[in-house]
1. Write out, first by first residue and then by second, each pair whose Cβ atoms fall under 7 Å of each other, whose residues are 6+ apart or on separate chains, and whose first residue, in the range 30-51, is without any contact (Cβ under 8 Å) to a residue 24 or more places away in the chain while the second is open to solvent by less than 50 Å² (accessible area, probe 1.4 Å) and in a loop (DSSP other than H, G, I, E, B).
2. For residues in the range 33-52 being open to solvent by 60 Å² or more (accessible area, probe 1.4 Å) and not in a helix (DSSP H, G or I), which is modelled with the lowest pLDDT?
3. Restricting the search to the range 53-105, which residues are of a type in the set (Val, Ile, Thr), outside any loop (DSSP other than H, G, I, E, B) and within 16 Å of Leu35 (Cα to Cα)?
4. Those residues that are within 17 Å of Arg40 (Cα to Cα) and surrounded by 10 or more Cβ atoms within 10 Å (Cβ to Cβ), I need them from the range 76-109; list them, please.
5. Cβ-Cβ below 9 Å, separation at least six or inter-chain, first residue in the range 58-74 and more than 15 Å from Ala86 (Cβ to Cβ), second among the aliphatic types (A, V, I, L, M) and part of a helix (DSSP H, G or I): which pairs?
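The values are calculated or read from the model by the stated rules, or taken from the named source; none is laboratory data. Note that this is a predicted model, so its numbers are computed, not measured. Using ideal geometry, Cβ is built from the backbone for each residue, glycine included, and neighbour counts are taken over all protein chains shown. Side chains are part of the model used for accessible areas, which takes the heavy atoms of the whole protein and leaves out ligands, DNA and RNA. Shrake-Rupley method; radii C 1.70, N 1.55, O 1.52, S 1.80 Å.
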Amino acid sequence: MVHRVTRVQKAKEPRLSLVMAFQPSNPFQPDKTVLDTWMRFDAETGSAPFEFFRTKAHMMGSALHHLAAEEEATIDRVHLSNRLRAVAAELSRTADLLEGKDTDFIGFVNETKYVTECKLCDGCQQCSV
């Protein structure tokens, strides 16, 4: 969750903000990590690309470890190759984001639009989903 506070302009001692960001332990769950957001809030140290790299490397490493340890034995070569390609695609996307070949910029989201287009409640005006 992104939040903003007033920047400390002057202090008696050096300041450092620490944020605890928790990730799902399931490496196959959709990842909501956005490099563009990290970059916007990392003007001081410039560590966002490296931390993003580490996060994604750890998650995809966990995914590969899970596949090696938990995937049921099968002779279905297409299934096995698709499992590896899913991890490879995320690694490729991450590399493209880091190189600036792709962007994960979210942009403006008009939340009021979702109230009238809700698929869960047939477009009712009272939905808060």
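1. Every condition considered, the pairs that remain are Ala48/Asp42.
2. Taking the candidates together, the pick is Ala43.
3. Answer for the range 53-105, where residues must be of a type in the set (Val, Ile, Thr), outside any loop (DSSP other than H, G, I, E, B) and within 16 Å of Leu35 (Cα to Cα): Thr55, Thr94.
4. Within the range 76-109, Leu97, Leu98, Asp102, Thr103, Asp104, Phe105 meet the criteria.
5. From residues that are more than 15 Å from Ala86 (Cβ to Cβ), the pairs are Thr74/Leu80.
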